[in-house]
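The values are calculated or read from the model by the stated rules, or taken from the named source; none is laboratory data. What you are looking at is a predicted structure, and each value in this text was computed from that prediction instead of being measured. Methodologically, a virtual Cβ is constructed for each residue, glycine included, from the backbone with ideal geometry; neighbour enumeration extends over all protein chains shown.
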Amino acid sequence: MSDRIIELASIKLAEGKTEHELIKASKVFQTQFLDGQDGFVRRDLVRKEDGTYTDIILWESRAHADAIFEKAQKSEAVGQYFSLMDFDPAHMNEGVEHCGLLVSFSAG
């Protein structure tokens, strides 16, 4: 069993914001914040059938995910990304789940 954690963050766009803007800000979030962070493994942004989105981030451990959450609150790139989302800043953890990775498979 691995210590790796999958973070699932539900995203609903704020009124008037577009998927194009989300993708653009997502790239900035990735390159200016997540890339190079300790414990970051990979990330996927997906569109769900209901028109909402989920950010799926794989971390080496829960400790890494928690440490980055603290840093994220001080990042301009993160702030720009979050500004496109419909959520209550006082409850940033709402809509975020952390799941233990049991096993992973890939083609081959």
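Of the residues making up the stretch 2-11, one or more are more than 19 Å from D86 (Cβ to Cβ), surrounded by fewer than 18 Cβ atoms within 10 Å (Cβ to Cβ) and over 11 Å from the mean Cα position of the chain (by Cα). Quick one: in the stretch 48-105, which of the residues that are hydroxyl-bearing (S, T, Y) and touching a helix residue (DSSP H, G or I) at 6+ places or on another chain (Cβ under 9 Å) is nearest to K17 (Cα to Cα)? Filtering first and then ranking leaves S83. Counting only helices (runs of 4 or more DSSP H) that fall entirely inside the chain and contain at least 3 residues that are without any contact (Cβ under 8 Å) to a residue 60 or more places away in the chain and of a type in the set (D, E, K, R), the qualifying elements are 19-29, 62-72.
Look at L102 and say whether it is modelled with pLDDT of 90 or more and surrounded by 15 or more Cβ atoms within 10 Å (Cβ to Cβ). Full working, then the answer.
Numbers: modelled with pLDDT of 90 or more: yes; surrounded by 15 or more Cβ atoms within 10 Å (Cβ to Cβ): no.
Answer is no for this residue.
Does F40 satisfy the condition of being farther than 14 Å from L84 by Cβ, modelled with pLDDT under 95 and of a type outside the set (D, E, K, R)? No; evaluated as a whole, the condition is false for this residue. Within the stretch 64-78, being loosely packed, with under 15 Cβ neighbours inside 10 Å and either over 14 Å from V96 (Cβ atoms) or of a type in the set (D, E, K, R) (or both) holds for D66, E70, K71, K74, E76.
Given the options S61, S83, name the one that is surrounded by 10 or more Cβ atoms within 10 Å (Cβ to Cβ), at negative phi and at pLDDT 95 or above.
S61
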